[in-house]
Structure formats: C-alpha cells, structure tokens
Amino acid sequence: MTAVRPSETRALDRIHVVLVEPGDSRNVGSVARAMQNLGFARLHLVAPPRYRVEDAEATACWAAELLHRARIHATLEEALAPMQHVAGFSVRHGRQRPRHLLLDEWTARLAAESPGETALVFGPEDTGLRQEHLPHCRWLVRVPSRPENPAFNLSHAVLLALFQVQRALAGAGDAARMRHDRPAWRDYYELERLVDEALTRARFYHPGTPAPVPSVVKQIFKRIDPDLREMQLLLGMFGKINRALAGKVPLRRIPEDPSGGGSAAVPEEARPRSLRKRH
C-alpha cells in the first residue's frame, strides 16, 4: 500500500461529502465506509428524514467513528455556508441547469485550481438532486455510465467520485496550492439576496418574470468565480444600489469629462473607499 503524503492528507481533509435527505441509514453507513477506505473524513447529512446512526453502523464496518463525527444540518444552505467550491452530482440535463462536466474533467479542474473547502453534493436515493438544489452548485458532475443505466447506487456514486478525486489530488502533489482568496459560500448567498432585492426594486423581476431567470442570474456569479476582494466589491456595490433604489442614498450626477474624451470622469470621492488613491 502506498503511503499517503502529509500534503495529500491535508488536501483530502478539505473535501466534504454532503448527502441531501438520505432516506436509508444503511446507505449512509456504506458511504462512510467508502470514505474511510479512501482517506476522507468530512461527512454532512442534510435533513435526513429517518436517520439512525445505529442502523448506519451495520454497513459502516470500521467507519463507525466517522459516522459519529458526521454533522447534521437542517438545510443545504447551512451545510454549504463555509464551503469555497460546490459541485453537485447528477445525471439530469437541462437548459436551466448548471453546466455538466464529466467526473474526470471536473477532478482535473479541482486539482489544478485547488479551491479550498470543497463540497460534493449527492441527492436523495430515489430522486437525486432536485431542481431546488441545483442553484447551490457551481458545477454539475456526471459519473460516466451506460445510457440505458445512467444512475448509480448512492454509495457507489460516492466511491467512484472520491476515488477519482483522490487520484487527481495525488497526481497534483504539491504543485497545486490552495487559494486563500476565495469567498465562502455564505458570501454567495448574501450576494444573491442583495441581487434579488436590487432586481426586484428595479422591476427587472416582476410577476411575469420566467421562473428560471433568477436561477440563471445566480449561476452567472458562481461561474465568474470572483476572488475575495472582488466578492467584497460586489457585496458593497449591490448594497449601495439597494440603498439608492430605496431612496436612502442621494443620487448625484457624475460630471462629464471636461477634456471631451466622451466618458465621464469619476470623482475621487465617488470611488469605493478601497479603490481611492492613498496620499
């Protein structure tokens, strides 16, 4: 058996398996066993309807301790709030869904970008991820399979995904360094709240707005993948826009560029404080 390098162990510690509404405790135990086999330890359960750790232990074998360390969350948003990258596993396609990547394509990106705390999200055994779960994900990932038999058992899907993740991270070695300038998923949730509020105040969203449009808008920001500084700028910008739309910030006309260059000069006092010149 090949020894696991400390750098690889640290990389595996940043991988979180998130099971949404798992219906069978024994499946949770099988997932824990697969995680333990491959060296992963972060398990999260979202609103499990009938979960009993005693039943899960029956299939977990040597992973009972991992089960007892698993975190249980009331909502998917709560589970994902501290994450810096989120991928959902699904075989379903659709124009209004995040773009699909095959498993090896996604793990290659993961190893190259080393995005920090990363959640692999799996849906309920009977339905998989539902439409309301998809806007939480930056990418949808598909485990390759035969077209006539596209869906895997939950624990099998987790095992295949983690095996490929482990191989990709081991191959990257120390070359891929974790980015520390990524915002947490809670920042995306706050940005989505501010954008929804601004677009509703501006009447871009209205009773006749097609239902998929808000989800598409949310996906735009996830796909841009802003760094922490850019996220702070977006949060400040949409916060100011909301205050202006609510009449709490006086609107001032930006004077035209006296040089006749055709574009307005932005006064220093109108710039965000973080971007003003320091004298």
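Some notes on this structure:
- Residues with amide H under 5 Å from that of Tyr205, placed H, sequence gap 5 or more: Thr200
- Packing-based order for 188-197, 216-225, using average beta carbon neighbours within 10 Å, highest first: 188-197, 216-225
- Each Lys or Arg adds one and each Asp or Glu takes one away; over the other residues whose Cβ falls under 14 Å from the Cβ of Pro150, this sums to +2.
- Gyration tensor (alpha-carbon) shape descriptor, region 6-172, a/c threshold 1.5: rounded
- Per residue, the convex hull spanned by the Cα atoms of region 182-249 measures out at 74 cubic angstrom.
A short reminder: the numbers here are calculations on the coordinates, not readings from a lab. What you see is a predicted model, and the numbers here were worked out from it, not measured in a lab. Glycine also receives a Cβ, built like all others from the backbone with ideal geometry; neighbour counts cover every protein chain displayed.
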